Each structure stands twice: as C-alpha cells, then as structure tokens.
Amino acid sequence: MTRRSLATPVAVQLLASGGLLAGVLALLAAVVGVGVVGLGVAVLVAVVAVVLVVRAAARAGVPTLGPAGSVTLARGALVVAAVALVGRDTASAALVTLTVVALALDGVDGPVARRTGTASALGARLDVETDALLLLVLAVHVALVTGAPWVLAVALLRYAFVAAARVLPWLRGQLPVRRSAKVVAALQGVALIVAAAGVLPVGVELALVAVALVALVWSFGVSVVWLWRAAGARPVH
C-alpha cells in the first residue's frame, strides 16, 4: 500500500467525521433525547474544530491527515457528540459510553500512523487536542453534576500551560518521554469517567478525581522544572 493510496483529502476526512457526528447525534436524539441547547453547543464546537483543523492543515501544507488522522477525527466526532449530553445526569451512561469508545480508539491512531508510515507532527497535535477536549467535556460534566467546580482544573491545567508558553518561550521546549506522565494522563481519564458514570458515592468519586488532580499538578511541575533547567533559566547544581 503506497502513501498515495492513503492520501484521502482533508476535506473528505472532515466530511466523513461530520457524517459520523450527525449519525451519533441522531441516535442520541432517538435514544436519550438531545436538548436544543446541547445540540447547538455540540454543533458550535464542531464548527470551531473544523476551522482549526483546516487552518492547521493549510499551515502545515499537507493535503491529508492520513489514515491515523481519520481515526482521530472519528474520536473527535464521538467527543463532540458527548458535548450535547454535558450536565445531564440522566444521560451520563450515554456520555460515558461515547468517551470510553473515544479513549479506546486513542490506542489505535498511533499504531496506524506508524504501520502505514504516515506519522506527522500535525497528526500528533490533533491527537493531543482531541485528548484535551475529551478531558474537558468529562470535567465540565462532572463539575455540573456534582456541583464541584474545582474538577475543571483537571482539564484546564493543560490549557493554562499552553497559554503560559505563549508568554514564556522556554516552556515550548521539547520534553523527554516520561512513563510517569503517560500514567498520570491515563489516570485523569479514568478518574473522570468513573466520576461521570455515577456508580460510586459522590464523595468517593470526587476523592478519586482529587487524587488524579494532585498527580497532574505534580507531573506538570516536573515538566516545568525540567524545561526551566533545560533552557538555562537558572544554573543547575
């Protein structure tokens, strides 16, 4: 299989993911019901996401996101569909199902990219942003359902880091691969999904999220210190 045979245009990939999103929303409307507000927010998020992907592809000068990109866009469609259910306690099961499938597919796009020889910086960025959106959707849902706004910190810390990097260039350095960082990242998803599922007492769910948040703060702290030292912002003793 050649790369040319894998070169599905970005526009076609986005249309396919849009079709998946429309199908999932229609299914949700028939099974659990989707409110007008929720549907409107989901569509708005989808439009913004499409604009950002098109702009990113244009800047990178790539005509396709590759087969792995199609998987990532499918994940994104499931996450955006889950947006329509945020804050509805009665729809938690559907929201958890969508996010669990999206998380499971997170283990697919990477291997597909490597196996087909189509891994790219843009594909990796799209994967990271999809993960970040998934955590944000879960965090907002848990915060609304449990009445604990601090849960949002689990998802917002990453965006705060990105914002800080715009002001502090040394935060844009290349971080080494840390197994602990991957474990901590996985813990965030697990903790939020358990909390969103509502299968445990609220106190226990929030305690689990709190542990995940503490681990995340520690992980970000380790990254910040490493970048600071690597950039020579202070002498290393």
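Answer yes or no as to whether GLY19 is in a helix (DSSP H, G or I), open to solvent by less than 60 Å² (accessible area, probe 1.4 Å), within 26 Å of ASP89 (Cβ to Cβ) and modelled with pLDDT of 95 or more. When the stated conditions are applied, GLY19 does not pass them. Of everything in region 170-194 that is open to solvent by less than 50 Å² (accessible area, probe 1.4 Å) and among the β-branched types (Val, Ile, Thr), the residue that is nearest to VAL41 (Cα to Cα) is ILE193.
Of all the listed residues (VAL54, VAL62), the sole one being farther than 17 Å from LEU25 by Cα, in contact (Cβ under 8 Å) with a residue 24 or more places away in the chain and part of a loop (DSSP other than H, G, I, E, B) is VAL62.
Here region 93-104 is the region considered, the condition is being surrounded by fewer than 21 Cβ atoms within 10 Å (Cβ to Cβ) and touching a Leu at 6+ places or on another chain (Cβ under 8 Å), and the residue that is modelled with the lowest pLDDT is LEU103.
Against the test of being more than 30 Å from LEU144 (Cα to Cα) and of a type in the set (Val, Ile, Thr), the options VAL47, VAL10 yield a single qualifying residue, VAL10. Kindly provide the set of residues from region 181-215 that are free of Cβ contacts under 8 Å to residues at least 40 places away in the same chain, under 21 Å from the mean Cα position of the chain (by Cα) and over 17 Å from LEU156 (Cα atoms), ordered by number. Selection gives LYS182, VAL183, VAL194, LEU208.
Condition (residue is of a type outside the set (A, V, I, L, M, F, W, C) and crowded, with 22+ Cβ neighbours inside 10 Å) applied to region 155-169: is it met by at least one residue? Checked against the condition, which is being of a type outside the set (A, V, I, L, M, F, W, C) and crowded, with 22+ Cβ neighbours inside 10 Å, region 155-169 yields no hits at all.
The residues of region 128-149 that are open to solvent by 30 Å² or more (accessible area, probe 1.4 Å) and hydroxyl-bearing (Ser, Thr, Tyr) amount to a single one, THR146. Filtering region 107-127 to residues that are closer than 19 Å to LEU52 by Cβ and open to solvent by less than 70 Å² (accessible area, probe 1.4 Å) leaves ASP109, SER120, LEU122, GLY123, ALA124, LEU126, ASP127.
A single member of GLY40, GLY87, GLY69 is open to solvent by 20 Å² or more (accessible area, probe 1.4 Å) and assigned to a helix (DSSP H, G or I), and it is GLY40.
Sort out which residues of region 50-66 are open to solvent by 40 Å² or more (accessible area, probe 1.4 Å), farther than 15 Å from VAL12 by Cα and in contact with a helix residue (DSSP H, G or I) (Cβ under 7 Å, 6 or more places away or on another chain), and write them in order of number. If the condition is that a residue be open to solvent by 40 Å² or more (accessible area, probe 1.4 Å), farther than 15 Å from VAL12 by Cα and in contact with a helix residue (DSSP H, G or I) (Cβ under 7 Å, 6 or more places away or on another chain), then ALA60 is the only one that fits.
Counted as qualifying within region 132-237 are no helices (runs of 4 or more DSSP H), as none has 3 or more residues that are under 23 Å from THR99 (Cα atoms) and either polar (S, T, N, Q) or touching a strand residue (DSSP E or B) at 6+ places or on another chain (Cβ under 9 Å) (or both).
The values are calculated or read from the model by the stated rules, or taken from the named source; none is laboratory data. Everything numeric in this text was worked out from a predicted model, so none of it was measured. Reconstructed Cβ throughout: ideal geometry from the backbone, glycine too, with neighbour counts over all protein chains shown. Only protein heavy atoms, including side chains, enter the accessible area calculation; ligands, DNA and RNA are left aside. Shrake-Rupley method; radii C 1.70, N 1.55, O 1.52, S 1.80 Å.
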